[in-house]
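Here is the structure we will look at, set down as structure tokens.
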Amino acid sequence: MANLDPHVVGRRLRDLRTRRDLTLADVAAETDISVSTLSRLESGSRRATLELLVPLARTYRVTLDELVDAPATGDPRVHAKPIQAWGAMIIPLTARRGGQRAFKHVLYPEARSVPDPRTHEGYDWVYVLSGRLRLVLGEHDIVMGPGEVAEFDTRTPHWFGCADGQPVELLSIIGPQGERMHVRARPKGSSPAS
């Protein structure tokens with residue numbers, strides 16, 4: 001971290017804050033970092049330390065690498081870029097276009113609590129990781145908890161959001177129209193439990 005240019009980091013911090021329509025006072029209240037320290041970080045007159053960057057990354061909902069716009073390290077793993085859309089942070093888990101694609105969603109209650117059902121081509125499979133998910137699907141209005149799964153044709157008007165004012169994390173796999181997930185409940189050849 002010592003070799004990162006404080007002016008580059010400062011511009012990145014200012015950009016993240018202004019894109020989220022936050023004031024320095026808003027960020028100070030969220031992170032317990034003083035307004036003057038935040039101002040010096042953004043101007044490049046103070047070098048960022050890990051103790052300052054961790055709460056800022058949490059507030060801006062980005063990784064530390066994204067926060068400082070770190071160069072690629074040659075790491076072969078896929079580092080998906082989160083997308084802020086529809087009141088959620090959506091992280092693509094597959095890079096290919098077409099076929100089935102996987103995403104992780106983090107839904108925020110302040111933006112995802114009023115149903116607004118939509119339709120589009122495809123077939124969706126949704127798995128709740130944490131929180132309570134409200135799924136409005138056609139005439140159904142369902143609340144799902146961790147470990148529960150729903151699968152549906154996305155031509156049916158649908159919407160999902162927070163059921164109880166708390167964030168929700170979920171995985172979704174969406175495929176072309178008619179391409180369903182095939183989930184095995186038990187190994188092939190075994191009989192159901194009596």
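No value in this document is a laboratory result; all are computed from the given coordinates. Keep in mind that this is a model prediction, so the values were computed, not measured. Here Cβ is always computed from backbone atoms with ideal geometry, including for glycine, and neighbour counts include all displayed protein chains.
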Protection proxy ranking, peptides 158-164, 140-146, average beta carbon neighbours within 10 Å, highest first: 158-164, 140-146
Relative compactness, segment 92-154, computed as alpha-carbon Rg over 2.2 N^0.38 Å: 1.18
